[in-house]
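The values are calculated or read from the model by the stated rules, or taken from the named source; none is laboratory data. Fair warning: this is a prediction, and the values are worked out from it, not measured in the lab. Quick reminder, even Gly has a Cβ in these numbers, built from the backbone with ideal geometry, and neighbours come from all protein chains shown. Note: accessible area is taken over every heavy atom of the protein model, side chains too, but ligands, DNA and RNA are not part of it. Shrake-Rupley method; radii C 1.70, N 1.55, O 1.52, S 1.80 Å.
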Amino acid sequence: MTIYLNVWRQEGPDKPGRFETYTVPDVSPDMSFLEMFDVLNEQLTLEGKEPVEFDHDCREGICGSCNMVINGQAHGPNARTATCQLHMRSFKDGDTLFVEPWRASAFPVIKDLVVDRDAFDRIMEAGGYVSVNTGNAPDANSIPIDKVAADSAMDYAACIGCGACVAACPNASASLFVGAKLAHLSLLPQGQPERNRRVVNMVHQMKEEGFGDCSNHAECEAVCPKGISIAGIAAMRRDYVKAMLAAD
Amino acid sequence: MSTQVREKQPLWRQLFTSQIGKKLLTGLTGLGLTLFVIVHMAGNLSYFAGNEAYNAYAHKLLSLGPLLYIAELGLLAFFVFHIVLGVNIYLGKRKAREQGYKRYKTAGGQSKQSLSSRSMIVTGVILGVFLVLHLVSFKFGAYYEAAESIDGKPVRDLARLLNEKFQSPLYAFGYSGVMVLLALHLRHGIWSAFQSLGATNPRLTPLIYTLGALVGLLIAVGFFILPLWIFFTGGNA
Ligand code: HEM
Ligand code: FES
């Protein structure tokens, strides 16, 4: 199949960007979207042109770095699918695709399709962990955890921090990311001691980073490659109220 | 080793400036305003029991005296907070994405993005402007005295003012149009307020969304049958 691409090219953070048009012939429907970009980049290299910079690492949907907005949708048209897991059979021969980086002031473009997501790391540093002294692993079953809570915590822990929630949110809000990180700890006993501080600090940091406010469009849940629920956002709000009213 | 504790901000700052506090307030004021419009709409419907019933209802409200002023002040505060926060959230989101997308499409599925959710600022601002015009036309509009009196006190003939104003197509259809926008605002607004207050879960959400949209629609219909009825039938004699 032949794919016509309009790809965002930007030489650096403070350089103006523009769309460049490319034609990729002989695309196999079994290629992943990133493999199609590999082919494009080989083509560009042979032509003596600068290849398109894009982030990727695991190529198996778990690292959260393969971030592209494809025809207006973060990670492309398929639900619960990261760009690396998206295959060309989801498109038609002759399709014209626009490929853009995540767009959010808190995620500045580094080059082409690569954005700087350090803002997420700083939110994590503000509280997305539990402070435990490492040592021997505790005995299995010494801390009983309700199965439902454990499953639910696992669902939130599935967040790979890709930032699609921010990219797709009309407000560029980071609420789903922060809600998921909070919920996954607050559902477990280990998350309890720092629960109040954690929610206050992380919620503050997300504002400091310049993400927008949440307007409950729920677009984040729809594009999340892990299908994380906005119930995590509601839980974050309940926790914040509790922390706000707490004495400490 | 342990989490760095930031200086704890005072409660009011958390409420008014944090991204969660702002949503709590928008949600609370939004639900408060929704309750108000429901009561207002129900009161309006007393018009269908006749001009006297309508005037008597308005008279009763007015004779609450200081109680009414307190309620009005509270209502004003709700409007002011709601509008200031709504506009603040809108301006903030523009700053949070300075460079927009060339293409943008909702993913559908679990998304609740809709014409309603995207146009909250537009429907909201129109409702705000309408509110002022509406108060000027009615609350602070022409004062007619009714033939009847209650407890020896003169009664304002608001029904006559209604009957006059809604002869005009501009008023009748303008009001109805704005009420359609209110329905749109509430279609996303009511569910959104519950989510902002954390009062949702995946099982409840579809129910809240549907009921919210329905309540919004019923409020709008309850409001606009009055002007349309007066326009098309000439109103109560
Ligand atoms: C008068 C001018 C008004 C303006 C400018 C306005 C503006 C807004 C805006 C911009 C939002 C979205 C906030 C967000 O993005 O999260 C909103 C939400 C809402 N509005 Fe209004 N609005 C107005 C009047 C009303 C009225 C009259 C009602 C009720 C009858 C109402 C009910 C709501 C509700 C329930 C929400 C949802 C709150 C939330 O998401 O937490 N609004 N309004
Ligand atoms: S490359 Fe790791 S998630 Fe796609």
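Restricting to region B:118-147, and then to whatever is among the polar types (S, T, N, Q) and more than 8 Å from ligand 1 (Cβ to nearest atom), can you tell me which residue is nearest to the chain's Cα centre (by Cα)? My answer is B:Ser119. Taking the numbered list (1) within 21 Å of B:Gly109 (Cβ to Cβ); (2) touching a Phe, Trp or Tyr at 6+ places or on another chain (Cβ under 9 Å); (3) more than 16 Å from ligand 2 (Cβ to nearest atom) in turn, A:Ala106 passes all entries but (1).
To keep it simple, each residue is scored yes or no on (1) part of a helix (DSSP H, G or I); (2) open to solvent by 10 Å² or more (accessible area, probe 1.4 Å); (3) within 16 Å of ligand 1 (Cβ to nearest atom).
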{"site": "A:Ile145", "(1), (2), (3)": "no, yes, no"}
{"site": "A:Asp151", "(1), (2), (3)": "yes, yes, no"}
{"site": "A:Ala167", "(1), (2), (3)": "yes, no, no"}
{"site": "A:Ala172", "(1), (2), (3)": "no, no, yes"}
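How many residues are of a type in the set (A, V, I, L, M, F, W, C), out of contact with any His (no Cβ under 7 Å at 6 or more places or on another chain) and more than 25 Å from B:Gly152 (Cβ to Cβ) if we restrict to region B:26-77? Walk me through it before giving the result.
Going residue by residue through region B:26-77, those that are of a type in the set (A, V, I, L, M, F, W, C) are B:28, B:31, B:33, B:35-39, B:41-42, B:45, B:48-49, B:53, B:56, B:58, B:61-62, B:64, B:67-68, B:70-71, B:73, B:75-77.
Then keep just the ones that are out of contact with any His (no Cβ under 7 Å at 6 or more places or on another chain); that gives B:28, B:31, B:35-39, B:41-42, B:45, B:48-49, B:53, B:56, B:58, B:61-62, B:64, B:67-68, B:70-71, B:73, B:75-77.
Now drop any that are not more than 25 Å from B:Gly152 (Cβ to Cβ), which leaves B:28, B:31, B:35-39, B:41-42, B:45, B:48, B:70-71, B:73, B:75-77.
Within region B:26-77, residues that are of a type in the set (A, V, I, L, M, F, W, C), out of contact with any His (no Cβ under 7 Å at 6 or more places or on another chain) and more than 25 Å from B:Gly152 (Cβ to Cβ) number 17.
From the list B:Ala53, B:Ala58, which one is more than 25 Å from B:Val132 (Cα to Cα), more than 16 Å from ligand 1 (Cβ to nearest atom) and surrounded by 12 or more Cβ atoms within 10 Å (Cβ to Cβ)? The match here is B:Ala53. Taken over region A:96-117, residues that are within 13 Å of chain B (Cβ to nearest Cβ) and charged (D, E, K, R) amount to 2. Residue count for region A:194-243, restricted to those that are more than 8 Å from chain B (Cβ to nearest Cβ), in contact (Cβ under 8 Å) with a residue 60 or more places away in the chain and out of contact with any Lys or Arg (no Cβ under 9 Å at 6 or more places or on another chain): 1. Look at (1) more than 14 Å from chain B (Cβ to nearest Cβ); (2) part of a helix (DSSP H, G or I); (3) surrounded by fewer than 16 Cβ atoms within 10 Å (Cβ to Cβ) and you find that A:Phe120 fails only one, number (3).
Per the conditions (1) touching a residue at least 40 places away in the same chain (Cβ under 8 Å); (2) open to solvent by 40 Å² or more (accessible area, probe 1.4 Å); (3) over 17 Å from B:Phe138 (Cα atoms), the sole criterion not satisfied by B:Leu85 is (2).
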